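*Asks:* Below are the structure tokens for one structure; questions will follow.
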Amino acid sequence: MNTFSLKVIASDKIFFDGRVEVLIIPEVDGEKAILAHHEDIVIAIDIGDLKFRLGDKTWVNAVVGKGFAQVINNRVSVLVDTAERPEDIDAARAKDALERAKEQLRQKQSLQDFHLSQASMARAMSRLKSTSKFD
């Protein structure tokens, strides 16, 4: 199968840089798959699970924050707030973050704080889902 260049960059590190066969990106309304020689496009990325398959047929999963992906000339650049491997996520901390976000949503707050609390809750839920420890 054909491969393409993928670079996943989080705000604090380069998460991945190499060749892959397929990339699955979380979007607001679902997921989008990218294969080799995909048309040039810019895609908004939502909080969720990003997956890609390496040339040896192994899948790599990552929990990512909001960002975007750019596909140009068989190269994909993914820029996201955060990128973590599911095995690196501390489920207890994620549960605590979810509870804090729920409590903040119950409080009266500005519209900006409301959206920040919603984003915190979505990120915590995505992290817990990836660790399969979501109640």
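The values are calculated or read from the model by the stated rules, or taken from the named source; none is laboratory data. Keep in mind the model is a prediction, meaning the values are calculated, not measured. We place every Cβ from the backbone using ideal geometry, glycine too, and count neighbours over all the protein chains shown. Heavy atoms of the whole protein, side chains included, go into the accessibility calculation; ligands, DNA and RNA do not. Shrake-Rupley method; radii C 1.70, N 1.55, O 1.52, S 1.80 Å.
*Asks:* Is it the case that segment 79-102 has a residue that's under 16 Å from Ile25 (Cα atoms), of a type in the set (Ser, Thr, Tyr), in contact with a helix residue (DSSP H, G or I) (Cβ under 7 Å, 6 or more places away or on another chain) and modelled with pLDDT under 90?
*Replies:* no
*Asks:* Out of Ser110, Ser117, report the one residue that is open to solvent by 40 Å² or more (accessible area, probe 1.4 Å) and of a type in the set (Ser, Thr, Tyr).
*Replies:* Just a single option satisfies the conditions, and that option is Ser110.
*Asks:* Would a scan of segment 79-99 turn up a residue that is out of contact with any His (no Cβ under 6 Å at 6 or more places or on another chain), exposed (fewer than 14 other Cβ atoms within 10 Å of the Cβ), among the hydroxyl-bearing types (Ser, Thr, Tyr) and touching a residue at least 24 places away in the same chain (Cβ under 8 Å)?
*Replies:* Within segment 79-99 (the criterion being out of contact with any His (no Cβ under 6 Å at 6 or more places or on another chain), exposed (fewer than 14 other Cβ atoms within 10 Å of the Cβ), among the hydroxyl-bearing types (Ser, Thr, Tyr) and touching a residue at least 24 places away in the same chain (Cβ under 8 Å)), the answer is no, since none of the residues qualifies.
Matching residues to (1) farther than 15 Å from Asn73 by Cα; (2) modelled with pLDDT under 95; (3) surrounded by 18 or more Cβ atoms within 10 Å (Cβ to Cβ):
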site	(1), (2), (3)
Phe4	no, no, yes
Val8	yes, no, yes
Lys13	yes, yes, no
Ala33	yes, no, no
Val42	no, no, no
Ile47	yes, yes, yes
Arg53	yes, no, no
Thr58	yes, yes, no
Asn61	yes, yes, no
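*Asks:* Only one of (1) part of a strand (DSSP E or B); (2) more than 17 Å from the chain's Cα centre (by Cα); (3) under 12 Å from Val71 (Cα atoms) is not met by Lys7, so which one is it?
*Replies:* (2)
*Asks:* Turning to a different aspect of this structure: Being surrounded by fewer than 16 Cβ atoms within 10 Å (Cβ to Cβ) and of a type in the set (Ser, Thr, Tyr) is the requirement here; does Ser130 meet it?
*Replies:* No: the conditions fail for Ser130.
*Asks:* Still on this structure: Just a yes or no: is a residue in segment 83-91 in a helix (DSSP H, G or I) and among the hydrophobic types (A, V, I, L, M, F, W, C)?
*Replies:* Yes, some residue in segment 83-91 is in a helix (DSSP H, G or I) and among the hydrophobic types (A, V, I, L, M, F, W, C).
*Asks:* Which residues, taken from segment 15-27, are of a type in the set (A, V, I, L, M) and open to solvent by 30 Å² or more (accessible area, probe 1.4 Å)?
*Replies:* Ile24, the sole residue that qualifies.
*Asks:* Being over 15 Å from the mean Cα position of the chain (by Cα), surrounded by 14 or more Cβ atoms within 10 Å (Cβ to Cβ) and either closer than 17 Å to Val22 by Cα or of a type in the set (A, V, I, L, M, F, W, C) (or both): is that true of Val71 here?
*Replies:* Yes: the conditions hold for Val71.
Each row is one residue, and each column tells you yes or no for (1) closer than 17 Å to Ala124 by Cβ; (2) of a type in the set (A, V, I, L, M, F, W, C); (3) in a strand (DSSP E or B).
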| position | (1), (2), (3) |
| --- | --- |
| Asp12 | no, no, no |
| Asp17 | no, no, yes |
| Val20 | no, yes, yes |
| Lys32 | no, no, yes |
| His37 | no, no, no |
| Ala97 | yes, yes, no |
